[in-house]
């Protein structure tokens with residue numbers, strides 16, 4: 001199993017998320033309220049933002065606005081995104097399949113040892129299930145806290161007037 005490889009990707013070519021599009025829409029609404037856009041231009045830009053698929057396309061709608069680059073990922077206060085390259089990792093499914101195949105081979109060749117090995121696998125699986133069930137409220141609470149922190153950090157910054 002090789003170590004995961006990380007590389008930077010051109011931010012302009014990365015696909016946008018719904019959260020990023022929403023951040024740009026809020027920014028454009030604030031620009032309209034500040035007098036930088038009229039209603040017709042706001043409607044045109046908002047429909048374009050909703051159709052955009054990459055961060056580069058998003059950039060075209062805020063590039064001429066004061067503080068517009070601070071809303072986009074990789075520019076201003078929003079961090080660059082790093083993408084993990086796929087491949088080179090053994091998944092849990094493959095590992096489970098190999099261990100099951102090994103257990104079947106041992107069970108066929110040595111019945112006593114195979115039954116002992118099967119018992120060990122069954123006990124480990126049962127212990128893992130009990131552990132997961134007993135920790136599930138804590139895992140759910142942790143996921144809820146992480147989601148709340150993400151929501152707080154993803155608030156758009158208001159346009160900067162210079």
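The values are calculated or read from the model by the stated rules, or taken from the named source; none is laboratory data. Since we're looking at a predicted model, the values are computed, not measured. Cβ atoms come from the backbone with ideal geometry, glycine included; neighbour counts cover every protein chain shown.
Those residues that are assigned to a helix (DSSP H, G or I), surrounded by fewer than 18 Cβ atoms within 10 Å (Cβ to Cβ) and in contact with a helix residue (DSSP H, G or I) (Cβ under 9 Å, 6 or more places away or on another chain), I need them from segment 47-63; list them, please. I'd like the intermediate steps shown before the answer.
Let us first name the residues in segment 47-63 that are assigned to a helix (DSSP H, G or I), namely 47-51, 55-62.
Those left that are additionally surrounded by fewer than 18 Cβ atoms within 10 Å (Cβ to Cβ): 47-48, 50-51, 56-57, 60.
If the condition is that a residue be assigned to a helix (DSSP H, G or I), surrounded by fewer than 18 Cβ atoms within 10 Å (Cβ to Cβ) and in contact with a helix residue (DSSP H, G or I) (Cβ under 9 Å, 6 or more places away or on another chain), then 48, 50, 51, 56, 57, 60 are the ones that fit.
From the list 25, 37, which residue is modelled with pLDDT of 85 or more and outside any loop (DSSP other than H, G, I, E, B)?
Numbers: 37 fails: outside any loop (DSSP other than H, G, I, E, B).
Only one candidate qualifies: 25.
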